[in-house]
Structures are given as structure tokens and as C-alpha cells.
Amino acid sequence: MKRLDAIRLFGLNNLSIEADIRRVEREQQVDLGHVPPERRPEDDFYAQFSQKLRDEADRMQRHYAVFYCLENSIRELIIERLSELHGMTWWEEHVPQAVRENCKKNRDKEVLNGFTPRSDQMIDYSTFGELGEIFKANADTFGELFRDLTAVGRILSNLNTLRGPIAHCKPLAGDEVTRLYLGMSDWFRQMS
């Protein structure tokens, strides 16, 4: 075999192997690491932080993701339920005035400071605690979705306390990690 043919065969074999790796990654939804990840803007800064902080961030990222999903799924539940039962005016007619005012204040502050609005839905400017207030104000509407709305209020209150360290970039103690996931279990158990 000529040298040039051997080089071509080597190149074709590599292309074939790479195509197979990409196919396996796509089918199995895994990253086998054959292509280096794209460089992101934060990569330039992340390495400048201490290893201790980066390790804490790695431990906390899953808790943040879980809480992110919980908080936004509660918003989705409120939107779906109240709009289904009360139509387009659910926000004005079925959300406590104090919650509406605080959400408007939060949105106005973002706009005033030149930030892109995070959402066109006012509920996205509510705090986690305010979501519980919406449940309370609509007990007749949400009562049938949960086993015990009073228990839901306590669960949300406890989760709101755990949200503090997560939202303010502090590590959760081991017991609090356990409490977070017990709270999540309690939340899902209350859903009828």
C-alpha cells in the first residue's frame, strides 16, 4: 500500500469512528468527551476563584436546579389553574393586592435600571413566599388540588427558609440538604 493511500485510509477510519461516536452520543444522550467543550465567557473568570468556592458551587448547583424547577412549576400551576377557572383577569381579580404591587415594583425596578424584563407575566416577579400567599387567597380554587392546604402552607414556609441560602449563594448544611429533599417529597405527596 502506498503511503498516500495509508494516510487517506487512516483519515477515513477516523471520520468513520467520529461519526459512530456522535451517533452513540445522540442516541444515548451522553457526552463522551471526544470534542472539547466550547469556551464560555465565564471560563475566563471561574478559574480565578478559589478551589474551595468552586467545590461549594459544584455541590450547590443541583440544589439550585431542583429549587428552580419547583418554584417555576408552582408558578405554572397557579397560572394554569387560575386562568382556566377565571380567564384573562385572574391576575387582577385573584391575586392579593400586596403581591401584585410588589411584583409591579420588582418589574419597574428592572425596567428603570435598563435591564431586559425577565418576563411579560407579572407572576414571574413574585417571590416564593408570595406564591404561598396566592394559594392562601385562593384556598377554594387550590384546596381540591392538594390533600391539605394548611400542610402545603407549612411545607412552602419551610422550603422558603431553605431557599435563602440557595438564592444567596451560601452552602446548605448536610441536615438542610436532607430537609430540602424531604420538603420536596412532602410537596409532591400533598398533590392529590
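Taking into account only those residues within the range 47-59 that are of a type outside the set (Gly, Ala, Ser) and not in a helix (DSSP H, G or I), which is farthest from residue 160 (Cα to Cα)? Checked the range 47-59; the qualifying residue farthest from residue 160 (Cα to Cα) is 48. Restricted to the range 100-142, and to residues that are within 19 Å of residue 168 (Cβ to Cβ) and in contact (Cβ under 8 Å) with a residue 40 or more places away in the chain, which residue is surrounded by the most Cβ atoms within 10 Å (Cβ to Cβ)? Among residues in the range 100-142 that are within 19 Å of residue 168 (Cβ to Cβ) and in contact (Cβ under 8 Å) with a residue 40 or more places away in the chain, the one surrounded by the most Cβ atoms within 10 Å (Cβ to Cβ) is 126.
Does the range 60-72 contain any residue that is under 23 Å from residue 182 (Cβ atoms), assigned to a helix (DSSP H, G or I), free of Cβ contacts under 8 Å to residues at least 12 places away in the same chain and among the aromatic types (Phe, Trp, Tyr)? Within the range 60-72, one or more residues are under 23 Å from residue 182 (Cβ atoms), assigned to a helix (DSSP H, G or I), free of Cβ contacts under 8 Å to residues at least 12 places away in the same chain and among the aromatic types (Phe, Trp, Tyr). The residues of the range 133-173 that are more than 21 Å from the chain's Cα centre (by Cα), assigned to a helix (DSSP H, G or I) and more than 20 Å from residue 79 (Cβ to Cβ), listed by number, are 150, 151, 154. As for the range 54-66, it holds at least one residue that is touching a helix residue (DSSP H, G or I) at 6+ places or on another chain (Cβ under 6 Å), at pLDDT 80 or above and under 30 Å from residue 129 (Cβ atoms). Taken over the range 111-132, the criterion of being in a helix (DSSP H, G or I) and out of contact with any helix residue (DSSP H, G or I) (no Cβ under 7 Å at 6 or more places or on another chain) is satisfied by 111, 112.
The values are calculated or read from the model by the stated rules, or taken from the named source; none is laboratory data. Note that the structure is predicted; figures quoted are calculated from it, not measured. Virtual Cβ from ideal backbone geometry, glycine too; neighbours counted across all protein chains shown.
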